[in-house]
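Here's the structure we're looking at; comments come further down.
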Amino acid sequence: MSHPHSLALVLQESEHTRDVFTGALAPSAFRKAVQTWTDEGARRQLPSSTLLLVEVDWFTRPKRSEMATVLRIVSDIIRPRLRSSDVLGRIDDHTLGILLPTTPTLHAQRVGRRVVAAVSSRTPATGHPVTVSVGMASALGARPWEAAAQALADARNEGGDRTVCALEPRIEDENELAA
């Protein structure tokens with residue numbers, strides 16, 4: 001089975017597991033889609049793909065009762081900025097995930113910055129200003145979830161309302177290994 005078709009099948013199966021608040025994939029469906037893509041990508045040595053974690057910043061986070069509304073608004077802001085091949089999913093009560101298949105992290109950084117700017121330029125119906133932090137990593141790396149989560153933590157530690165990309169491991173060439 002070809003790679004794009006199997007991801008499409010996972011997404012079709014996931015249609016009934018949409019998150020009721022955001023309309024994005026439910027957490028388990030999003031993780032399954034990312035796992036399917038990364039497993040096959042590693043086997044096929046596909047071009048870079050990127051995993052983004054988008055979290056509502058803690059210092060602007062509204063009351064818990066308003067969080068579902070805010071997350072829905074954030075997902076509504078993000079969705080039109082994605083291509084039809086990109087996958088948006090809910091991770092938890094304050095975090096969304098985005099899988100950008102066949103998108104190198106350099107290009108994904110632009111997407112992350114556009115998401116941060118678009119969210120911070122809007123004040124949701126709750127009346128609270130909202131900002132997000134974005135952590136991203138190559139989805140084809142050894143530990144994409146951990147790398148993206150660490151980049152997200154770095155974005156928050158740097159003050160939030162920003163995008164941080166996990167450093168990809170440097171591939172040494174044969175000359176350096178021989179030295």
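Each value in this text was obtained by applying a stated rule to the coordinates, not by laboratory testing. Note that the structure is a prediction, hence the values are computed from the model and not measured. Here Cβ is always computed from backbone atoms with ideal geometry, including for glycine, and neighbour counts include all displayed protein chains.
Some points to look at:
- Modelled FRET efficiency - R0 22 Å, Asp76 with His128, Cβ distances, 0.05 increments: 0.85
- Near Gly23: Cβ cut-off under 10 Å, other residues only, Lys/Arg at +1 and Asp/Glu at -1. The net charge is +2.
- Modelled spin-label separation between Arg64 and Arg18, with each label point placed 7 Å from Cα along the Cα-to-Cβ direction: 2.8 nm.
- Fully extending the segment from Arg31 to His107 would add 25.1 nm, taking 0.36 nm per residue of separation and subtracting the current Cα-Cα distance.
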